[in-house]
Amino acid sequence: MPPAAPLCSFRGAPLARMIGTSNFGRGLDLLPKRAAPSSTKPATGGNSGRTAGRRVALIGFGTVGSAVAKILSEHPSPVLRLTHICNRNFERKKQPWVPADVLWTDNVDSVLESDVDIVIELIGGLNPAEHIVRRALESGKSVVTANKQLIARHGPDLLELAAKHRCQLEFGASVAGGVPVLPALRTGLCGDRLHGIAGILNGTCNYILSRIENARIPFSEALEEAQARGYAEADASEDLDGGDARAKLAILALAGLHARVAPESIRARTIRPVDAVDFDYAAQLGCTIRQISRADLNANATDTLLAEVGPCLVPSNSPFGRVQRNLNLVLTSGQYGGDMAFLGAGAGGDPTAVAVVSDLMFVAQGSAASGDGAGPVFTPHVSHDFETAWYLRFFVRDQPGIVARLAQILAAHHLNIDSLLQKPGFEKSSLPFVITLEPCRDSQLHPALEDISRVDFSVRPCLCLPILG
Ligand SMILES: NC(=O)c1ccc[n+]([C@@H]2O[C@H](COP(=O)([O-])OP(=O)(O)OC[C@H]3O[C@@H](n4cnc5c(N)ncnc54)[C@H](OP(=O)(O)O)[C@@H]3O)[C@@H](O)[C@H]2O)c1
């Protein structure tokens with residue numbers, strides 16, 4: 001394995017390469033191999049004169065499900081035929097543009113017992129989605145899903161189940177919505193040996209952070225604005241505290257690094273304490289702040305995956321630094337192919353539906369996986385002990401000797417100060433200033449932060465962010 005180069009070493013570089021992949025003919029890498037579909041049943045029944053094709057049932061007619069149905073209805077495919085739409089209380093969901101021969105139902109059992117070939121699961125959540133997907137696969141029906149929580153927790157098991165029953169499980173929309181990063185990892189890049197993946201995977205966090213950056217508004221105001229515009233839910237904890245992004249990172253680690261990791265084993269730091277003043281200090285360092293999800297195979301300990309999610313300083317002119325609003329960006333680093341970038345809409349009904357329909361077409365195409373023989377999936381020890389430079393921001397009650405005391409604590413832990421930044425014009429009762437540290441491991445910094453948390457002049461907990469460069 002090559003040394004795991006840091007993924008954010010793109011200071012000043014243009015976006016490495018924007019990849020668009022076709023879903024046709026892609027092979028499956030190390031995951032259980034995709035089996036060719038057991039049959040291609042002609043569509044039966046119906047009165048619309050629509051072409052025959054693989055029979056498709058859609059379960060969940062919400063934001064993404066309705067967008068999928070719209071694409072399938074407006075652009076009928078010769079290889080796909082939507083036959084069922086299943087949603088609780090479906091009467092209120094009915095749409096005039098859905099072909100008349102599509103059967104609307106709220107009975108999941110009747111769908112799973114029918115002769116459909118492919119089930120699209122778009123209800124979200126773990127329950128009853130997991131049960132539905134398992135039952136579909138056990139009865140030999142291929143499944144397409146956008147459900148990140150389900151795949152992050154049960155992806156490897158479900159892929160095995162699909163292989164056992166000679167059907168397919170596709171989940172290209174579960175990470176980065178409409179950005180075809182998962183298909184690319186599983187086909188276009190499967191000939192490489194990837195050693196690192198990093199991304200802006202949560203559009204809500206990116207919207208909030210880029211709004212604070214551009215308008216210098218408080219975090220609470222940026223959150224309210226995101227909620228008002230529909231970019232954040234009323235309870236946005238999963239997004240803000242990193243739960244959503246780490247589930248996506250676990251899926252990327254599986255597809256690209258062949259590492260099977262539980263999302264909970266990945267440390268997630270919240271973006272809530274990030275303040276407008278942090279963007280002033282970050283700018284002084286040539287940086288901005290983004291929620292970054294990163295996973296690196298550890299070159300020194302081959303059974304270890306370094307992984308974490310949280311706000312980081314990134315160079316303003318880097319690909320990460322330039323991502324605005326609710327866009328997603330994923331960067332990969334490979335031993336042979338070098339760095340790649342994938343940028344686009346990480347959410348939204350239509351972009352996500354494109355990914356779902358692309359998966360459907362791949363399944364309908366019936367291509368068997370080629371496999372690349374690159375090795376098995378492994379279960380690593382997950383660590384967040386990255387080595388980086390650090391940004392420490394303090395809010396203190398001003399008094400003599402503060403810097404000396406902090407320097408003393410840092411020196412006692414053998415940590416080297418790189419710079420000290422203090423903007424004028426703040427109240428002495430709550431004065432923000434910043435210390436940056438030369439690179440050290442997280443584990444080396446942690447005990448110093450514990451000592452710092454006990455000083456009596458802090459009026460807020462110290463904010464500690466990695467500086468990726
Ligand atoms: N929205 C995005 O931008 C996006 C992006 C990427 C991935 N995804 C994933 O795509 C999936 C769907 O997301 P979404 O935004 O479309 O969700 P959504 O708008 O909440 O739609 C879910 C639909 O499923 C129905 N439903 C829920 N539980 C059901 C059950 N037990 N039986 C039958 N119907 C049920 C809901 O009915 P009710 O109307 O009664 O609630 C609703 O119509 C999720 O896994 C999500 O994580 C979404």
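Computed over the chain, the per-residue total of -39500 (n - 2.57) for DSSP H runs of n ≥ 4 gives a 222 nm mean residue ellipticity of -8500 deg cm²/dmol, rounded to 500. Taking a Cβ cut-off of under 13 Å around residue 246, the surrounding Lys, Arg, Asp and Glu residues balance to a net charge of 0, with basic ones at +1 and acidic ones at -1.
Can you tell me which of 243-250, 156-163, 92-99 comes out highest on packing, and rank the rest after it, using the mean Cβ neighbours within 10 Å?
Working: 243-250: 26.5, 156-163: 18.6, 92-99: 12.5.
The peptides rank, most packed first, as 243-250, 156-163, 92-99.
Put the Cα centre of the stretch 202-218 next to the Cα centre of the stretch 100-156 and the gap is 36 Å.
Summarising the label geometry, the points placed 7 Å from Cα in the beta-carbon direction at residue 303 and residue 438 lie 3.4 nm from one another. Where the alpha-carbon atoms of the stretch 269-381 are placed on the principal axes, they occupy 54, 42, 26 Å, in descending order. When restricted to Cα atoms, the stretch 121-234 yields an Rg and a Dmax of 17.9, 55 Å, respectively.
At a 10 angstrom cut-off on C-beta neighbours, averaged per residue, how do the peptides 349-362, 123-136 rank from highest to lowest? Don't skip to the answer; put the middle values down first.
On the way: 349-362: 22.9, 123-136: 17.2.
Per-residue mean Cβ counts within 10 Å order the peptides as 349-362, 123-136.
Using alpha carbons only, what's the Rg to Rh ratio of the chain with Rh from Kirkwood?
Value, to two decimals: 1.03.
Note on residue 453 and residue 104: with the Förster distance fixed at 45 Å, the Cβ-Cβ geometry gives a FRET efficiency of about 0.20.
First measure r as the distance between the Cβ atoms of residue 138 and residue 265, then evaluate 1/(1 + (r/R0)^6) with R0 = 35 Å and state the FRET efficiency to the nearest 0.05. Plugging the Cβ-Cβ distance into 1/(1 + (r/R0)^6) gives 0.80.
For the stretch 232-301, the square roots of the Cα gyration tensor eigenvalues, ordered a ≥ b ≥ c, give a/c of at least 1.5 with a/b no greater than b/c, which places it in the oblate category. Each residue, residue 73 and residue 324, gets one label point 7 Å from its Cα in the Cβ direction; the gap between the two is 3.6 nm. Note on residue 93: aspartates and glutamates with a C-alpha under 19 Å away, same-chain residues under 8 apart excluded, are 74, 101, 106, 121, 350. Using Cβ point charges alone (K and R +1, D and E -1), the dipole size of the chain about the Cα centre works out to roughly 880 debye.
Residue 280 to residue 92: extension gain in nm, 0.36 nm per residue of separation minus the Cα-Cα distance?
Numbers: separation 188, 0.36 × 188 = 67.68 nm, distance 4.97 nm.
Full-extension gain reported as 62.7 nm.
Of 176, 73, 259, which is farthest on the positive side of the dipole of the chain, counting Cα position, with +1 on Lys and Arg Cβ, -1 on Asp and Glu Cβ, and the Cα centre as origin? Going by the charge dipole, the pick is 73.
Taking every DSSP beta bridge that has both ends in the chain, the antiparallel portion is near 65%.
Sorted on the mean count of surrounding Cβ atoms within 10 Å across their residues, most packed first, peptides 383-389, 223-229 read 383-389, 223-229.
Restricting to DSSP loop positions (anything but H, G, I, E, B) with no more than 16 other Cβ atoms inside 10 Å of their own Cβ, which trypsin sites (Lys or Arg not before Pro) remain in the stretch 315-420? Don't jump to the answer; show the numbers that get you there.
Values: sites: 322, 325, 393, 397, 405; in loops: 322, 325, 397.
Loop-located and lightly packed - 325, 397.
Coordinate-derived values only; no laboratory data. Predicted model only: the values in this text are computed from it and were never measured. Note that we place each Cβ from the backbone using ideal geometry, even for glycine, and neighbour counts take in every protein chain shown.
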